[in-house]
Amino acid sequence: MVETSQRSTDPPLETAAATPKSARRKSYLASTVGVKTLMAITGLLFFLFLVFHLIGNLLLFVGPSTLNGYSHWLIVNPFLVPAEIGLLAIFAIHVFEAVVNYLRNRAARPTPYYQPVRRIFGRGWAGKPSRKSFASTSMILSGLITLVFVVVHIIQFKYGPNYPVTSPSDGTPGVRDIYRLVTHQFSSTWIMLFYVFCLTVIGIHLWHGLTSALNSLGVDSPRYTPALLKTGRVIAVIMAAAFLSLPLWVYFVWS
Amino acid sequence: MVLQTGVLAPERPVEQDIYRVADNDWRPQPPLKGPLADQWDHRKDEYKLVAPNNRRKHTVIVVGTGLAGASVAASLGELGYNVLSFCIQDSPRRAHSIAAQGGINAAKNYPNDGDSVWRLFYDTIKGGDYRSRESNTYRLAQLSVNIIDQAVAQGVPFEREYGGLLANRSFGGAQVSRTFYARGQTGQQLLLGAYQSLMRQVDAGTVTTFPRREMLDLITIDGRARGIVVRHLITGAIERYAADVVVLATGGYGNVFYLSTNAVNSNASAAWRAHKRGAFFANPAYTQIHPTCIPVTGDHQSKLTLMSESLRNNGRIWVPKKAGDRRPPNQIPVEDRDYYLERKYPSFGNLVPRDVASRNAKQVCDEGRGVGESGLAVYLDFHDAIERRGKEYIRSEYGNLFEMYERITGEDAYETPMRIYPAIHYTMGGLWVDYDLQSTIPGLFVLGEANFSDHGANRLGASALMQALADGYFVAPYSIANYIASAAPEPISTAHEAFSESVYEVQARINALLSVNGHRTPRDFHRQLGHLLWDEVGMSRNDAGLRHALACIPQLREEFWKDVMVPGTPDNKNYNLEYAGRVADYLEFAELMAIDALHRTESCGCHFREESQTPDGEALRIDDEFSYVAAWKFAGVGAQPLLYKEPLEFAFVHPSQRSYK
Amino acid sequence: MRLTLLIWRQQGPDVPGKMVEYEVNDISPDMSFLEMLDVLNEQLILSGSDPIAFDSDCREGICGMCGLVINGRPHGPNRFTATCQLHMRFFNDGDTITIEPWRARAFPIIKDLTVDRSAFDRIMAAGGYVSSNVGAAPEANSILVPRQAADSAMDSAACIGCGACVATCKNASAVLFVGAKLTHLADLPQGDPERARRAVRMVAQMDAEGFGSCSNEGECQAVCPKGIDLLNIATLRREFNRGVKMGAK
Ligand SMILES: Cc1cc2nc3c(=O)[nH]c(=O)nc-3n(C[C@H](O)[C@H](O)[C@H](O)COP(=O)(O)OP(=O)(O)OC[C@H]3O[C@@H](n4cnc5c(N)ncnc54)[C@H](O)[C@@H]3O)c2cc1C
Ligand code: HEM
Ligand code: HEM
Ligand code: SF4
Ligand code: F3S
Ligand code: FES
């Protein structure tokens, strides 16, 4: 019944610590740390674009001429194309790494637990001081929704109908009337609802993403982290609320 | 505790039936030269060396990865030997040494309070009640200093003073502060230091680790240790490994008592099987009992948890005056309480040494005055200390201990007195070794708690870690080289018939365990053996009790082989099978322990024979008769072992009697 | 107490496993969780069935050998408590308790509730040490270590290598374990010379073992029996980035 194995001592046959040295990864960007650094940097850069984009979009509240003037300035700006290419690259890297990272992480935990701890909202599944949240568990989902959103959004706006400005009160006649485009789009119930949904999702992405990015870059300290965590969430809420104000205002107030 | 089978002890056997005494004068030590302080240097100078380019050709098996095993394996690896390191746990880092809390002694004299190598040596040999060798103990004190240097260099985060220097504290009633510590996790940190060095050697290719292996036999060829047979605890495969030297660092045998503070995988098997192959076993009766453990709550209990002795600095120990007084502690008025340590030892009170405190606790419980559900506990009351110094003070001193106590018992010790009881904690006995840490089998070296060498009949607090590391880092690497250089072992194949025979025996034993198919679990037998030993070979021993034990153990053993139940198969992870094998060994080993306790009719250190006490009821040594190491030679299971006496001579210190009145 | 236990049974690494229901009676609230399983195992042995395989050794929360996922939480419901230190008084009569092994690709299941954590050893072998040969150590007090540094090193060094952090992390990431070792040794002057190499090699080995990356969820800290702080993870990243920058291999 008992198996006998004949073992000599040389060469070593088996060891818990036979280090598969060849398997050790060499490239920084392929490492689990490198991937997250890249995601954090691209995520934060894209966040900066969002801030910029938000401020621009908020000119909607000032009036058509200001918004159109601003967007015209953007469109004719010689740096626009390089900036767009940069933005696209950032976005593409973020998305690509997100997917790679997600797949790798899923492979690291192939079998789920029979009994997951169920707590969808509220702080942390495992209790204090966990930071796990609905947002943190659904990053890939919120990310993918954002991806769909961005594609739809760009088709809708950047490559959308090119209304020219007709009345001088709306800006320089002849330039693109973004004000009209935006108000027109958001007047549709479906589009409004789509935006409300997606912008909320983006807020959720940022809820976890902002401080997470700092952590991924190695920023963490007992002194500042609690404040950083709060700030990150506050900013996420502000961002989402500010973005949301646009479709909601157009739909409910403007029209 | 009466045997459950209800068989009465047979007629008392007479002495000759129990053991035999070897008649030759046994002087097994290498001759040591010069004054104590120079002996180790002299000895090292005599040692032969192995050339660096030859070391790789020599294989050393190290069984055990505790402080002793990990440190010797790492050191030999650094020197370039081919080292094979075995342990039961899934990682070398989990060896039992990890659990040591209090600290490690070293004669650094950093606090400038008058410590020295001599003083540490003197305290150790006196603490051991003059039952250890001067030469070994002195070397231990000498090497203690280097251990701290080594550990610090490895990154062991010892406690520091604000100035960045190492901090020390006084431990276990020592008059100097010579204990180094890393919070309450000194053993863990020292072991991680040794483990990390070991893993470094694994990466360097000199050490190969074999976790989840249990050594089941020692291979001797031409009278020398040449290999081991192990069971792979996952696949069940019986594997053979050959080597030039075998090192056992397999820890103590405290678990023979079933309940102890040892880890559940600690065992006597490796040492016992080596003993059966010819290694002498020394002083098996010397077992240490720690007074402040959390008491047993029921039969389900699997191990005991130690609480720091420092609790006795502020707690008062008492039991009710009347036997059977079941009132809750807070309702027992002071006049009905017996603060028995304060009463009997007015000058030391609650701070009497470990063995005295333990014995007295047992005594009051035997009188039926024990407290708690089981009646096997005494109160350690902080009420007065809280009243005197405030709850906050107590919390700052003992907060974590009170928490641990509450976690285990569900009681708040600030409100109600703690219940404590003594527990088996350490075993001073072990395989006999000479000054070079070599056993009576050439090529078999024994290190750490597994050997008997340095603590005599009682070990001082914080000196087990010191001994395990001194053995592993600083003694064995030299003496093993000397053995290899002088004995020049020839390469051997695991196909040698000695291996085949052993594998056959090991398998036969496994199959035997699996095929009994009886009605009782190994745990059940172990528990019964433990109760018996605790009662008769525990804190306080007497002739009748020991003979009773000696009558019961063989019966229990017989019953085990008739009625044990081990389900499952041998070819996968089968903890119960491993465990049954260990219990079978305990059932053999326990007999030797009781014989040793019976033959030593003096009291010394932790070995208290009721027949040998001072008028005040303290341990009475009989130096004329018993100033020797009792080294036992195996003669067969149940057969009379042969006693060899290694005389202990004290050329540098003078044995004195202790008193705590 | 009377309890219903739902326990993961799996004969071997490559055999599919399943949850099996058991009943235990007469469980005393004074028992530890593992003693409760001991009782169940005694019953199973006497009925001639294969007892449930689980690991434990010290049974006082320091060796890191034990580890069960109890009701979905590694080491059970209490903070700073390893499985072996959990007592039955934290459960109620009539409870149903689910017991599962650690689950991670890098920790293959050996049998029932036992997993293979040797990946941790290999990570340690890759660099989790200070290279100081025996005999070469300088006098211990010759290098001053600020008390604060020693304290914070000790905070990280307290890790018992149990793997609960991996078990709980949705990515089965080992960064808390590895970060704790990197922090411990980086905090001390003795560990400083090898910092760069150590970080690069340990992280590389961690990745090679198939652990995931860290999404900064912090579940690991919450279940860690020693409360190892997330700061250790940030340190891991800094140490790794620094090591890569310095060109360590
Ligand atoms: C709770 C507690 C607290 C303590 N506190 C202190 C303290 O503060 N100071 C102090 O100085 N001492 C203390 N001690 C004592 C000290 O911890 C031990 O004596 C010491 O650690 C023993 O080390 P070791 O290397 O000899 O053996 P261990 O650490 O016991 O290691 C034994 C090794 O052998 C292996 N092994 C055993 N049998 C086999 C086999 N058959 N096959 C393969 N491998 C095997 C095991 O896997 C393990 O790796 C304490 C002990 C306890 C129980
Ligand atoms: C509005 C655009 C986006 C912004 C501002 C943004 C920002 C961020 C930030 C700051 C992080 C934290 C990075 C870290 O933890 O280190 C993050 C994480 C993540 N992002 Fe995005 N992101 C955006 C779009 C997307 C898209 C389109 C995807 C598509 C898949 C995505 C997927 C993820 C995922 C999966 C994570 C979690 C990574 C992890 O598990 O740690 N994100 N994002
Ligand atoms: C209510 C909110 C928003 C409004 C009103 C809005 C409006 C616009 C408009 C008008 C354009 C076209 C600009 C042009 O071509 O000149 C645009 C472009 C774009 N928007 Fe938005 N946007 C909103 C939210 C978002 C969000 C949340 C994201 C990101 C997740 C986003 C990402 C982009 C991108 C990537 C472009 C293309 C930029 C370029 O190529 O120049 N927008 N947006
Ligand atoms: S970090 Fe905590 S949970 Fe992870 S292995 Fe160490 S002790 Fe266990
Ligand atoms: S739970 Fe996992 S995601 Fe990071 S913070 Fe802990 S490793
Ligand atoms: S058994 Fe050692 S930590 Fe639980």
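The values are calculated or read from the model by the stated rules, or taken from the named source; none is laboratory data. Keep in mind that what you see is a predicted model, and the values were worked out from it rather than measured. Cβ coordinates were reconstructed from backbone atoms using ideal geometry, including for glycine residues, and neighbour counts include every protein chain displayed. Calculation scope for accessible area: heavy atoms of the full protein, side chains included, ligands and nucleic acids excluded. Shrake-Rupley method; radii C 1.70, N 1.55, O 1.52, S 1.80 Å.
Out of the stretch C:215-228, which residues are touching a helix residue (DSSP H, G or I) at 6+ places or on another chain (Cβ under 8 Å) and facing chain A (nearest Cβ under 7 Å)? Spell out the reasoning first.
We begin by selecting, within the stretch C:215-228, every residue touching a helix residue (DSSP H, G or I) at 6+ places or on another chain (Cβ under 8 Å); these are C:215-217, C:219-225, C:227-228.
C:SER215, C:ASN216, C:GLU217, C:GLU219, C:GLN221, C:ALA222, C:VAL223, listed by residue number.
Criterion applied to C:GLY76, C:GLY64 was being out of contact with any strand residue (DSSP E or B) (no Cβ under 9 Å at 6 or more places or on another chain), more than 10 Å from chain A (Cβ to nearest Cβ), open to solvent by less than 10 Å² (accessible area, probe 1.4 Å) and under 26 Å from C:PHE211 (Cβ atoms), and the one residue passing it is C:GLY64. Sub-6 Å Cβ pairs linking a first residue in the stretch A:130-153 that is under 18 Å from A:TYR102 (Cα atoms) and within 14 Å of another protein chain (Cβ to nearest Cβ) to a second residue that is assigned to a helix (DSSP H, G or I) and more than 14 Å from ligand 5 (Cβ to nearest atom), at least 6 apart or interchain, are A:ALA135/A:ILE204; A:ALA135/A:TRP207; A:SER142/A:VAL201; A:SER142/A:ILE204; A:SER142/A:HIS205; A:GLY143/A:ALA98, ordered by first then second residue. Inspect all residues belonging to the stretch C:121-130 and state whether any of them is within 16 Å of ligand 4 (Cβ to nearest atom), acidic (Asp, Glu) and at the interface with chain B (Cβ under 7 Å from one of its Cβ atoms). Yes, because at least one residue in the stretch C:121-130 is within 16 Å of ligand 4 (Cβ to nearest atom), acidic (Asp, Glu) and at the interface with chain B (Cβ under 7 Å from one of its Cβ atoms). Tallying residues that are acidic (Asp, Glu) and more than 9 Å from every other protein chain (Cβ to nearest Cβ) within the stretch C:19-53 yields 3.
Please work out if A:ARG233 is modelled with pLDDT of 95 or more and of a type in the set (D, E, K, R).
Details: modelled with pLDDT of 95 or more: yes; of a type in the set (D, E, K, R): yes.
The answer is yes for A:ARG233.
Of note, C:ARG197 satisfies the criterion of being over 18 Å from the mean Cα position of the chain (by Cα), open to solvent by 10 Å² or more (accessible area, probe 1.4 Å), more than 7 Å from chain A (Cβ to nearest Cβ) and of a type in the set (Lys, Arg). Reported count of residues in the stretch B:89-110, each being within 30 Å of B:LEU304 (Cα to Cα), touching an Asp or Glu at 6+ places or on another chain (Cβ under 7 Å) and more than 8 Å from every other protein chain (Cβ to nearest Cβ), is 0. Here B:ILE492 passes the criteria (1) surrounded by fewer than 22 Cβ atoms within 10 Å (Cβ to Cβ); (2) more than 23 Å from B:ALA106 (Cβ to Cβ); (3) at pLDDT 95 or above except the one numbered (3). Only one of the numbered conditions (1) closer than 30 Å to C:ASP38 by Cα; (2) open to solvent by less than 30 Å² (accessible area, probe 1.4 Å); (3) among the hydroxyl-bearing types (Ser, Thr, Tyr) is not met by B:TYR575, and that is (2). Please determine whether any residue of the stretch C:73-82 is away from ligand 4 (no atom under 13 Å from the Cβ) and hydroxyl-bearing (Ser, Thr, Tyr). Checking the stretch C:73-82: not a single residue is away from ligand 4 (no atom under 13 Å from the Cβ) and hydroxyl-bearing (Ser, Thr, Tyr). Across the stretch B:535-572, the qualifying residues are those that are open to solvent by 30 Å² or more (accessible area, probe 1.4 Å) and of a type outside the set (D, E, K, R), and the one among them that is nearest to the other protein chains (Cβ to nearest Cβ) is B:GLY568.
Scan the stretch B:338-358 and report the pairs whose first residue is more than 18 Å from B:GLY127 (Cβ to Cβ) and without any contact (Cβ under 8 Å) to a residue 12 or more places away in the chain and whose second residue is in a helix (DSSP H, G or I) and open to solvent by 10 Å² or more (accessible area, probe 1.4 Å), with Cβ atoms within less than 6 Å and a gap of 6+ or a chain change. Here the result reads B:GLY349/B:GLU342, each pair linking the stretch B:338-358 to a residue that is in a helix (DSSP H, G or I) and open to solvent by 10 Å² or more (accessible area, probe 1.4 Å). For the stretch C:167-216, filtering for residues that are assigned to a helix (DSSP H, G or I), within 16 Å of ligand 2 (Cβ to nearest atom) and in contact with a strand residue (DSSP E or B) (Cβ under 6 Å, 6 or more places away or on another chain) leaves 1. Within the stretch C:89-116, residues that are more than 14 Å from chain A (Cβ to nearest Cβ) reach partners that are assigned to a strand (DSSP E or B) with beta carbons closer than 7 Å, at six or more positions or on different chains, in the pairs C:PHE91/C:LEU3; C:PHE91/C:ILE97. Evaluation of B:ASP129 against the conditions (1) acidic (Asp, Glu); (2) in a loop (DSSP other than H, G, I, E, B); (3) closer than 27 Å to B:VAL63 by Cα shows that the sole unmet condition is (3). It is to be established whether one or more residues within the stretch A:63-75 are modelled with pLDDT of 95 or more, open to solvent by less than 40 Å² (accessible area, probe 1.4 Å) and within 15 Å of A:LEU206 (Cα to Cα). No, the conditions are met nowhere in the stretch A:63-75.
Confirm whether C:ALA234 is within 16 Å of ligand 4 (Cβ to nearest atom), open to solvent by less than 10 Å² (accessible area, probe 1.4 Å) and either over 21 Å from B:PHE158 (Cα atoms) or in a loop (DSSP other than H, G, I, E, B) (or both). The answer is yes for C:ALA234.
Checking each residue in the stretch B:132-151 for being without any contact (Cβ under 8 Å) to a residue 60 or more places away in the chain and buried (at least 24 other Cβ atoms within 10 Å of the Cβ) picks out B:ALA141, B:ILE148. In the stretch C:117-155, what residues are among the acidic types (Asp, Glu) and more than 27 Å from B:SER75 (Cα to Cα)? The answer is C:ASP151, C:ASP155. Remark: pairs (first residue in the stretch B:266-283, touching a residue at least 40 places away in the same chain (Cβ under 8 Å); second residue open to solvent by less than 20 Å² (accessible area, probe 1.4 Å) and acidic (Asp, Glu); Cβ separation under 7 Å; 6+ apart in sequence or on different chains) = B:ALA268/B:ASP585; B:SER269/B:ASP585; B:TRP272/B:ASP585; B:TRP272/B:GLU588; B:ARG273/B:ASP217; B:ASN283/B:ASP596. The condition (being under 22 Å from B:SER374 (Cα atoms) and of a type in the set (Val, Ile, Thr)) is satisfied by just one residue among B:VAL319, B:VAL247: B:VAL319.
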